[in-house]
Amino acid sequence: MGAPLISSPPFLTLFLFSFMTLCLSPQHALASITRHYKFDIELQNVTRLCQTKSIVTVNGQFPGPRIVAREGDQLLIKVINHVQNNISIHWHGIRQLRTGWADGPAYVTQCPIQTGHSYVYNFTIVGQRGTLWWHAHISWLRSTVYGPLIILPKLGVPYPFTKPYKAVPIIFGEWWNADPEAVISQALQTGGGPNVSDAYTLNGLPGPLYNCSAKDAFKLKVEAGKTYLLRLINAALNDELFFSIANHTLKVVEADAVYVKPFETQTILIAPGQTTNVLLKTKPSFPNATFFLTARPYVTGLGTFDNSTVAGILEYEFPPNTKTLKMKKLPLFKPNLPALNDTAFATKLNDKLRSLNNAQFPANVPQKVDKHFFFTVGLGTNPCSQHNQTCQGPNGTMFAASINNISFAMPNTALLQSHFSGQSNGVYTPDFPTNPIIPFNYTGAPPNDTMVSNGTKLVVLPFNTSVELVMQDTSILGAESHPLHLHGFNFFVVGQGFGNFDRNKDPAKFNLVDPVERNTVGVPSGGWVAIRFLADNPGVWFMHCHLEIHTSWGLKMAWVVLDGKLPNQKLLPPPADLPKC
């Protein structure tokens, strides 16, 4: 069972094994293989909420096709652009060891794929297994261009938890009746906040709580007495989401494709960019009822948001040899989700996340730190770009967002190409500040000056540098949670708290034993989070807020990791078909 398709070719047509794979002898069955996919970027008419519109899709599907591979496999994914928009695809959470050319963010690791052109993403999955996802990484095209990326363990390697009867991807998304590209274009032009989505979706379907959507509901059909693995992915552009299933308990076993110490909860909180695997153990016998599974936003900012709830339906298969009941006549139970601003629940849930840290899956937390960084993250303003005109941001300005008060300006050529070729002059400067240039009371009364600076500045790290990064939310235009995603690396979340980070006191409370390992972490509203990672992957790596509006406003930066001395520590050369700007 997977994401609903607009057209439904047989599942096997979604990926083609190489001829060599089909001819493998039994003794080579454990060997890694090459998997081939073809992504046609094309327009497709889709109807939701009684509105039919043309959206950008992969292979005509919304959400897009499921990629399935095993740890150690090589993936060759040919992306052909048939639409007028430029496109690039990011394989969210894939380490891309020495294959930064396949990472995907436009103007960072590649120029986008232009109309009528193609590009083959070529990478190998090294040391990873679990649930990740892929999505467009240019403008707001990921509103419709996204799908699951499922990495199975190597053959013969069991899960460190109960083997599920079935696994089901559940992707949270958003639906706009308007064109999301027009929404962000208008916001950037006027300087104001963007219009919010018209609905949230589960596997592309809004569900029965929205007008004109009773039949567009995701149905999770289960058997009694079975264990299901739900692969939860938040692909929404701008909202963290609470998720729960009425009268059922969820056991968390994985976060961002890394196993965690299992724990039970009634409700999950998942930020854009994050994935969470949970085990759902169904009731031992037919319950004579159906159950809502619902999601709605967790809200910390002051701006407008989509205050609605998406619902799917959990249905039990009828037991054999019984009279068929009508589902419509069965009672329908609804879950109780936390309040929209329940930061206490969010904090308590995040505190439960711990790495397995056992012999098979150790938590290799850097114990020594070579370089310390302290980044403030938050909103600010730019002057109105149009003379003699008032913009729609605060006090007639334009909304902006920044890290260490620098709002990142995207270049018009790819950062990785300019770094690799040694032609970075005029493209970027290697002087991103390691600390705020002007310290202030970050979570106290906001400063009078809300203006940010603008530039394309990067941090340069020698190969194998161990990094500790503290990210501090600011209250300049109101405190707000920020899910930060680091490309090219997993990191360990060694500490978090509220108020201003205290360099003298807070590190003593860091967890350096079994902290959770992630690729996307929420900087708490009015607080801070500390992460550690080893810069062992040469290339240029994007880091940005996964609230798409904040990325559009400039809450992003990039790290350059230099080559090491050994041949296997150097970035591979670019492929011949790398797109040109």
Item to check | Test: residue in segment 54-63 that is open to solvent by 30 Å² or more (accessible area, probe 1.4 Å), touching a Leu at 6+ places or on another chain (Cβ under 7 Å), among the small types (Gly, Ala, Ser) and at negative phi | outcome: yes
Checklist entry - Within segment 371-393, how many residues are outside any strand (DSSP E or B) and open to solvent by less than 20 Å² (accessible area, probe 1.4 Å)? => result 2
Checklist outcome for this item: Taking segment 285-298 and keeping residues over 30 Å from ARG129 (Cα atoms) and touching a residue at least 60 places away in the same chain (Cβ under 8 Å) leaves SER285, PHE286, PRO287
Item to check | Residue check for PHE489: over 25 Å from the mean Cα position of the chain (by Cα) and either without any contact (Cβ under 8 Å) to a residue 24 or more places away in the chain or under 21 Å from VAL369 (Cα atoms) (or both) | outcome: no
Checklist entry - In segment 218-241, is there at least one residue being without any contact (Cβ under 8 Å) to a residue 60 or more places away in the chain and either open to solvent by 10 Å² or more (accessible area, probe 1.4 Å) or hydroxyl-bearing (Ser, Thr, Tyr) (or both)? => result no
Checklist outcome for this item: Within segment 179-200, the residues that are touching an Asp or Glu at 6+ places or on another chain (Cβ under 8 Å) and either loosely packed, with under 15 Cβ neighbours inside 10 Å or closer than 20 Å to GLN84 by Cα (or both) are ILE184
Checklist entry - Would segment 329-344 turn up any residue that is open to solvent by less than 50 Å² (accessible area, probe 1.4 Å), in a helix (DSSP H, G or I) and modelled with pLDDT of 95 or more? => result yes
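Name the single residue that is nearest to GLY147 (Cα to Cα) among those in segment 76-90 being among the hydrophobic types (A, V, I, L, M, F, W, C) and crowded, with 24+ Cβ neighbours inside 10 Å.
As a first pass, look at segment 76-90 and keep what is among the hydrophobic types (A, V, I, L, M, F, W, C): 76-77, 79-80, 83, 87, 89.
This time we only want the ones that are crowded, with 24+ Cβ neighbours inside 10 Å, so: 87, 89.
Details: ILE87: 15, ILE89: 11 Å.
Looking at residues that are among the hydrophobic types (A, V, I, L, M, F, W, C) and crowded, with 24+ Cβ neighbours inside 10 Å, I get ILE89.
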Checklist entry - For segment 456-478, what are the residues that are buried (at least 21 other Cβ atoms within 10 Å of the Cβ) and of a type in the set (Ser, Thr, Tyr)? => result THR474
Checklist outcome for this item: Taking segment 530-548 and keeping residues in contact with a helix residue (DSSP H, G or I) (Cβ under 8 Å, 6 or more places away or on another chain) and assigned to a strand (DSSP E or B) leaves ALA530, GLY539, VAL540, TRP541, HIS544, CYS545
Checklist entry - With respect to the numbered conditions (1) surrounded by fewer than 18 Cβ atoms within 10 Å (Cβ to Cβ); (2) in contact with a strand residue (DSSP E or B) (Cβ under 6 Å, 6 or more places away or on another chain); (3) under 30 Å from VAL523 (Cα atoms), which one is the sole condition not fulfilled by GLU315? => result (3)
Item to check | Selected residue [at pLDDT 95 or above, of a type in the set (A, V, I, L, M, F, W, C), open to solvent by 10 Å² or more (accessible area, probe 1.4 Å) and assigned to a loop (DSSP other than H, G, I, E, B)] from VAL126, VAL68 | outcome: VAL126
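Take MET451 and tell me if it is closer than 30 Å to ASN504 by Cα and in contact (Cβ under 8 Å) with a residue 12 or more places away in the chain.
Working: closer than 30 Å to ASN504 by Cα: yes; in contact (Cβ under 8 Å) with a residue 12 or more places away in the chain: yes.
Considered against the rule, which asks whether it is closer than 30 Å to ASN504 by Cα and in contact (Cβ under 8 Å) with a residue 12 or more places away in the chain, MET451 comes out as yes.
Yes/no matrix, rows are residues, columns are (1) within 24 Å of HIS546 (Cα to Cα); (2) modelled with pLDDT under 95; (3) outside any strand (DSSP E or B); (4) not basic (Lys, Arg):
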position	(1), (2), (3), (4)
PHE361	no, no, yes, yes
PRO366	no, no, yes, yes
VAL369	no, no, yes, yes
ALA401	yes, no, no, yes
SER407	yes, no, no, yes
THR434	yes, no, yes, yes
Item to check | Candidate set: segment 201-217, residues that are more than 12 Å from PHE172 (Cα to Cα) and either touching a Lys or Arg at 6+ places or on another chain (Cβ under 9 Å) or among the aromatic types (Phe, Trp, Tyr) (or both); chosen: the one most open to solvent (accessible area, probe 1.4 Å) | outcome: CYS212
Checklist entry - Does segment 107-121 hold any residues that are part of a strand (DSSP E or B) and open to solvent by less than 10 Å² (accessible area, probe 1.4 Å), and which are they? => result GLN110, ILE113, TYR119, TYR121
Checklist outcome for this item: If you go through LEU43, LEU12, the only one that is out of contact with any Asp or Glu (no Cβ under 7 Å at 6 or more places or on another chain), surrounded by fewer than 19 Cβ atoms within 10 Å (Cβ to Cβ) and either modelled with pLDDT of 95 or more or β-branched (Val, Ile, Thr) (or both) is LEU43
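If you check SER402, SER453, SER481, SER418, which single one turns out to be over 24 Å from GLY104 (Cβ atoms) and either open to solvent by less than 20 Å² (accessible area, probe 1.4 Å) or of a type in the set (A, V, I, L, M) (or both)? Explain how you work it out, then say what you get.
Details: SER402 fails: over 24 Å from GLY104 (Cβ atoms); SER453 fails: either open to solvent by less than 20 Å² (accessible area, probe 1.4 Å) or of a type in the set (A, V, I, L, M) (or both); SER418 fails: over 24 Å from GLY104 (Cβ atoms).
Exactly one of SER402, SER453, SER481, SER418 is over 24 Å from GLY104 (Cβ atoms) and either open to solvent by less than 20 Å² (accessible area, probe 1.4 Å) or of a type in the set (A, V, I, L, M) (or both), namely SER481.
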Checklist entry - Within segment 504-529, which residues are part of a loop (DSSP other than H, G, I, E, B), open to solvent by less than 20 Å² (accessible area, probe 1.4 Å) and of a type in the set (Gly, Ala, Ser)? => result GLY526
Checklist entry - For THR131, all conditions in the list (1) open to solvent by 10 Å² or more (accessible area, probe 1.4 Å); (2) hydroxyl-bearing (Ser, Thr, Tyr); (3) under 29 Å from VAL253 (Cα atoms) hold save one; what is the number of the exception? => result (1)
Item to check | Given (1) at pLDDT 95 or above; (2) part of a loop (DSSP other than H, G, I, E, B); (3) open to solvent by 50 Å² or more (accessible area, probe 1.4 Å); (4) farther than 26 Å from ALA530 by Cβ, index of the condition THR413 fails | outcome: (3)
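Looking at SER355, SER385, SER402, which one is touching a residue at least 40 places away in the same chain (Cβ under 8 Å) and over 30 Å from SER88 (Cα atoms)? Explain how you work it out, then say what you get.
On the way: SER385 fails: over 30 Å from SER88 (Cα atoms); SER402 fails: over 30 Å from SER88 (Cα atoms).
The conditions single out SER355.
The values are calculated or read from the model by the stated rules, or taken from the named source; none is laboratory data. These figures come from a predicted structure and were not determined experimentally. In this analysis, Cβ positions are derived from the backbone assuming ideal geometry, glycine residues included, and neighbour counts consider all displayed protein chains. Each accessible area value is taken on the protein alone, full model and side chains, heavy atoms only, with ligands, DNA and RNA left out. Shrake-Rupley method; radii C 1.70, N 1.55, O 1.52, S 1.80 Å.
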